[in-house]
Amino acid sequence: MNALARLVASGLGSGYAPRAPGTAGSLLAVLTGAGLMLLPPWALPLAVLVASLAGLWAIRAAGVAEDGAHEDPGWVVIDEVAGQWLALVGLARPTPLGLLAAFLLFRLLDIVKPGPVGWADRQGGAAGIMADDLIAGALAAGVLWAVRSRWPGILEWGP
């Protein structure tokens, strides 16, 4: 089970990228999320839920967040995958500009950790590891939705 837990927690191995593993996990999520966006509208939110629950399990099973530890090792990127997928929920469809905006906005919020993102990051255990990225993803989705609502078509550039 430990090997499976590490595979899930590492975002199918993307967390072992030699540089910027969180960015590698987010990039994997944007690419796979674009495909999920082509499926029925419930597919992407369902994927967020599954990744979140699988992440909680995998982080615990891999022994990462034992006893409420605050450590979030770089190779654990399932949280970035779930958060990035949640950010994509703010888009109407997967266009190059929209995907780039979702990627950059999510990474900015995940790195800077404003307000509730920073608070969640300071919480211990698997829930804390997952929560900061899910909150960053939700904030990014909200911003993308607001931009689309105010300026229809602005993120729709592309094929």
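Once the mean 1/r over all distinct Cα pairs of the stretch 8-94 is inverted, what Kirkwood radius in angstroms do you read off? Could you put the intermediate results ahead of the total?
On the way: mean 1/r = 0.0765 Å⁻¹.
It works out to 13.1 Å.
Who wins for biggest fluctuation among LEU39, LEU53, LEU104 in a Gaussian network model of the chain, springs between alpha carbons below 10 Å?
Of LEU39, LEU53, LEU104, the Gaussian network model singles out LEU39 as fluctuating most.
Once the mean 1/r over all distinct Cα pairs of the chain is inverted, what Kirkwood radius in angstroms do you read off? Numbers along the way, then the final one.
Values: mean 1/r = 0.0650 Å⁻¹.
Evaluated over the chain, this radius sits at 15.4 Å.
Identify, among GLY22, GLY90, GLY55, the residue whose Cα sits farthest towards the positive end of the charge dipole of the stretch 1-106, taking +1 on the Cβ of Lys and Arg and -1 on the Cβ of Asp and Glu, with the dipole about the Cα centre.
GLY90
Among the chymotrypsin sites (Phe, Trp or Tyr not before Pro) in the stretch 1-74, which ones are in a DSSP loop with at most 16 other Cβ atoms within 10 Å of the Cβ? Mind listing them?
Details: sites: TYR16, TRP42, TRP57; in loops: TRP42.
Those that pass, being in a loop and sparsely packed, are TRP42.
Given a Förster radius of 22 Å and the C-beta distance between LEU53 and LEU31 as r, what FRET efficiency does 1/(1 + (r/R0)^6) yield to the nearest 0.05?
Computed FRET efficiency for LEU53 and LEU31 comes out at 0.50.
List the DSSP H helices in the chain whose Cα atoms stretch 18 Å or more along the helix axis and whose mean Kyte-Doolittle hydropathy is at least -1.0.
Sorted by number, the helices that extend far enough and score high enough are 21-36, 43-61, 96-112, 125-150.
Given all pairs of different Cα atoms, what value in angstroms does the Kirkwood hydrodynamic radius of the stretch 1-50 take? Walk me through the intermediate numbers first.
Values: mean 1/r = 0.0846 Å⁻¹.
By the Kirkwood definition, the hydrodynamic radius is 11.8 Å.
A short reminder: the numbers here are calculations on the coordinates, not readings from a lab. Note that this is a predicted model, so its numbers are computed, not measured. Cβ sites come from the backbone with ideal geometry, for glycine too, and all protein chains shown count toward neighbours.
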